[in-house]
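The values are calculated or read from the model by the stated rules, or taken from the named source; none is laboratory data. What you see is a predicted model, and the numbers here were worked out from it, not measured in a lab. Every residue, glycine as well, gets a Cβ built from its backbone with ideal geometry; the counts of neighbours run over all protein chains shown. To get the accessible areas, we keep the full protein, side chains included, count just its heavy atoms, and leave off ligands, DNA and RNA. Shrake-Rupley method; radii C 1.70, N 1.55, O 1.52, S 1.80 Å.
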Amino acid sequence: MYLIKSKILLLFNKIKNKGHFLVISIVLTTLVINYWCFIFCLIIYLFILFKIDKSLLIGSIILLFLFVSGYIVKDIIYHKPDELLITGKVINIETKEYYNVLTIKNNKHKYLVKTKELYSVGDILEVSGSKEEYVLHYPNQFDYNKYLHYQNIKYVINNSTINLIDHKFSIRKLHFTIKSYINNKFPSNVSSYINTLTIGNDDNLDSSNIDKIGISHLFVISGLHVSIIILIVNKLLSLFKINNKTKNVLIIIVVGLYVLLTNFLISVIRVFIGLIFKTFTKLSSLEQISFNFIIVVLINPFIINSLSFILTYIIAFFMVLYKIRINLQFKNKIVNKILNYILNILLLTLLVQLLVLPFVISINPDFNIISIFVNPIFIILVTYIYLPISFIILIIPGILPIYEYITFIFEYLTQNTANIEFLLISLGNIHVVFKVLYYGVFYLLVLGLETKKFKITSLFLVFMLCWYYKGLFKLYDEIYFLDLQVGESTVIVLKNMKQVIVIDSGEVTKNNDFTKIIKNMGIKKIDYLIISHSDSDHIGGAINLVKYVKVENLLLSYYDKTKNTNYLKKYSNKTYYLKQKDVISNKYFKFSVLAPFKDFGNINDNSLVFILEINNTKFLFTGDISSIVEKELISKYKINVDILKVAHHGSKYSSCSEFINSVNFKIGIAMNGYNN
């Protein structure tokens, strides 16, 4: 046993200054777990470690064995059969507009329970109810099942029956006690900011404008927040005759308490572990953050897939390695100092935004260039004014009028900045392989700036152009029948974006999902936007879409002239009102209109009905016509198509037996709207 311990200690001493190599091993292994195509990268990397130092290879293999074993065990436990009746302890409560979401933990799993009832952290509940099913409905949609999996949440329970069995002490209670104090003590227009900036609870924060201008990182508890606490504690302890070692231990204890106060936020845990390393080891900053990373992923292997974990550690690694300093020379020393400070902040802000871009874009396809220039202003405002006073107001509530005034100024600035959209560019999500390539060219960008070899940086610009115009690299034709929340839409994208046809656009939603879908596809221009009729579940999404995506041709029903269709006309180069026998064609497709052949007096029956022929494949689109129009169609035409878009979402008022038996088709597709 002593011999084994000695060998392990010897191995650690050999690799303790090379921990960053072990981090790369874990990252590559995680990629392999999720995407097998990276297996060759891992093998090549392990071979490189063998060439550099055999001890590194041995250390990596031992570490990967522990990491993968923990991952597999956790995964096996996660996939055990579902329980019908759950008994567990409430460890978290998230407040929504109309209900609360309880996180309940038992010995095996965590569960999310939706309820309108009020419960407390520490309550022991017996819960039964229906399990909510989540499926992906359209391309690049957020995968909520994966999110639950990586959070070790078994599933979400709705329509629940809950019995309160007992109440036990919970260390997490501190977070919710402070949250309750803030909500009861201060008006809602400021309490959301205080909660977010001090304890990391953003349940009630409207972050739409903050997200638009790219300053959401300032409202996530990070090393910046903790550094302010450390600074305050350090100043207070300096008033007493305490040696540095004792002072550092007390600071660690205070930050440990802040971990509890923020309900174990990973960014605060990172800083807490970092302080322990800094106080009790002589490791370099790079190795401190490396072993910090390793400890966290060994304790909870699933966390490596968490977006908050990825962002906090990727920024921490970057800040440790960042060495670029702008030092321009101006005659006036004060001007010289101020301008160089601003330029350095601008450059650092830009590089940090580019660093996290592939992950942020997976949530929001837009990047506002204006954020690069406004970030320094908001960094100063939040760091030196808003954040400190958010802590002070907890102790001195009497400064509320000052806080409300600062909040008013902040919201005024964010709202007006968010309205500046002429520098908004849509990139859209990219495959993980291209994300890895992105970080390769990002490294070349930073290297070029450090060494002032600016030719290297041009590769990054080329990659960004390719990303922006990613649609041009489509290798085949694609057609998407989108399963939207409400309504329907069909998107046809021909190879290399030669033609883009959008047929209907679903209902307008709070998050403008349809616009995000189109942007994520890399679509910058729609050649033909076809609105079958102006019901909101067919035209709604287009109302927002046309503000951001250019429309060349708008095709409308001849008998459908409404406020919304007139609005769309303003954003298209050409508008066509079509009826029976109208034909539009080019070398890519042929568009033949079958109806309307008269004014039926209602929007649904006046829908555009047409056959679209692309690459010898025929599609029949029927809008929301009823069986009345269907019967007239089959009396006028003999219809042979490959794919039928079923009328009126497959409702009982359409798809009469005469029509279905008469039309010759191979596949019928009904888009019902998954929240209809």
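Applying a threshold of 8 Å to beta carbon distances and a minimum spacing of six or more residues, or different chains, the list of pairs starting in the stretch 544-571 at a residue that is under 13 Å from Asp504 (Cβ atoms) and aliphatic (A, V, I, L, M) and ending at one that is assigned to a loop (DSSP other than H, G, I, E, B) and at pLDDT 95 or above reads Leu555/Leu608; Leu556/Leu608.
Within the stretch 245-265, being on the phi > 0 side of the Ramachandran plot and open to solvent by 30 Å² or more (accessible area, probe 1.4 Å) holds for one residue alone: Phe264. Scanning the stretch 391-421 for residues that are part of a loop (DSSP other than H, G, I, E, B) and under 23 Å from the mean Cα position of the chain (by Cα) turns up Asn419, Ile420, Glu421.
Starting from residues that are at pLDDT 85 or above and aromatic (Phe, Trp, Tyr), keep the ones in the stretch 57-94 and report whichever is most open to solvent (accessible area, probe 1.4 Å). The qualifying residue most open to solvent (accessible area, probe 1.4 Å) is Phe65. When residues in the stretch 371-396 are screened for being among the aromatic types (Phe, Trp, Tyr) and open to solvent by 30 Å² or more (accessible area, probe 1.4 Å), 3 of them pass. Of the residues making up the stretch 19-56, those that are within 18 Å of Asp75 (Cβ to Cβ) and open to solvent by less than 50 Å² (accessible area, probe 1.4 Å) number 5.
The number of residues in the stretch 593-615 that are open to solvent by 30 Å² or more (accessible area, probe 1.4 Å) and part of a strand (DSSP E or B) comes to 2. Contact map, the stretch 110-124: residues that are open to solvent by less than 10 Å² (accessible area, probe 1.4 Å) paired with residues that are part of a loop (DSSP other than H, G, I, E, B), Cβ distance under 7 Å, separation 6+ or inter-chain. Pairs shown: Val121/Ser170; Val121/Arg172; Gly122/Lys168; Gly122/Phe169; Gly122/Ser170.
A quick yes/no check of all residues on (1) open to solvent by 30 Å² or more (accessible area, probe 1.4 Å); (2) free of Cβ contacts under 8 Å to residues at least 12 places away in the same chain; (3) over 29 Å from Ile93 (Cα atoms); (4) of a type in the set (Gly, Ala, Ser):
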site: Thr198; (1), (2), (3), (4): no, no, no, no
site: Ser216; (1), (2), (3), (4): yes, yes, no, yes
site: Gly223; (1), (2), (3), (4): no, no, no, yes
site: Lys235; (1), (2), (3), (4): yes, yes, yes, no
site: Asn243; (1), (2), (3), (4): yes, yes, yes, no
site: Asn292; (1), (2), (3), (4): no, no, no, no
site: Ile299; (1), (2), (3), (4): yes, yes, no, no
site: Ile310; (1), (2), (3), (4): yes, no, no, no
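Return yes or no: is Lys154 open to solvent by less than 30 Å² (accessible area, probe 1.4 Å), in contact with a Lys or Arg (Cβ under 8 Å, 6 or more places away or on another chain), within 18 Å of Leu125 (Cα to Cα) and of a type in the set (D, E, K, R)? Considered against the rule, which asks whether it is open to solvent by less than 30 Å² (accessible area, probe 1.4 Å), in contact with a Lys or Arg (Cβ under 8 Å, 6 or more places away or on another chain), within 18 Å of Leu125 (Cα to Cα) and of a type in the set (D, E, K, R), Lys154 comes out as yes. Taking the criterion of being in a loop (DSSP other than H, G, I, E, B), among the β-branched types (Val, Ile, Thr) and crowded, with 20+ Cβ neighbours inside 10 Å, the residues of the stretch 494-532 that qualify are Val508, Ile523. Checked against (1) under 17 Å from Phe591 (Cβ atoms); (2) part of a helix (DSSP H, G or I); (3) among the acidic types (Asp, Glu), Asp537 meets all criteria but (1).
Going through Ser626, Ser572, Ser657 one at a time, which residue ends up being more than 30 Å from Leu136 (Cβ to Cβ), open to solvent by 70 Å² or more (accessible area, probe 1.4 Å) and hydroxyl-bearing (Ser, Thr, Tyr)? Every option except Ser657 fails the conditions.
If you check Val629, Val609, Val646, which single one turns out to be touching a residue at least 24 places away in the same chain (Cβ under 8 Å), β-branched (Val, Ile, Thr) and in contact with a Leu (Cβ under 9 Å, 6 or more places away or on another chain)?
Just one listed residue meets the conditions, Val609.
Please verify whether Phe481 is modelled with pLDDT of 90 or more and in contact with a Phe, Trp or Tyr (Cβ under 7 Å, 6 or more places away or on another chain), treating the condition exactly as stated. Answer is no for this residue.
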